[in-house]
Amino acid sequence: MRHVFDVVMRIVSSLLGLLMVAMGAVWMMQGLNVGPAAILQGFMVNDIHWTVYGAILALVGVAQVVWSNTRRRAA
């Protein structure tokens, strides 16, 4: 049962990391005022702070995916 839990948590952790990367990309595009018209609305548009926040979130997401797929398996 422990192995099943580890596999499920690895998948969930990877999906969470990918979601963070996608959100970070959207934040960066809004901060840079690029992308489809659907995301170029709101208070985040053309504000460089959101570009930085998005880059940080995307890096954390990449680290989450790498960590969840390279950590050792429990004995």
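The values are calculated or read from the model by the stated rules, or taken from the named source; none is laboratory data. Remember, predicted model here, so these are calculated numbers, not experimental data. Surface areas here come from the heavy atoms of the whole protein model, side chains and all, with no ligands, DNA or RNA. Shrake-Rupley method; radii C 1.70, N 1.55, O 1.52, S 1.80 Å.
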Subject >> Convex hull (Cα only) mean projected area of the chain, reported in nm² to one decimal >> reply: 5.6 nm²
Subject >> Accessible surface, per residue, of the chain when the full set of protein chains is kept, probe 1.4 Å, Å² >> reply: 72 Å²
Subject >> Helix-only [θ]222 nm of the chain, DSSP H runs n ≥ 4, -39500 (n - 2.57) each, per residue, nearest 500 >> reply: -25500 deg cm²/dmol
Original post:
Between Val8 and Asn69, what length comes free when the chain is fully extended (0.36 nm per residue of separation minus the Cα-Cα distance, one decimal in nm)?
Top reply: 20.8 nm
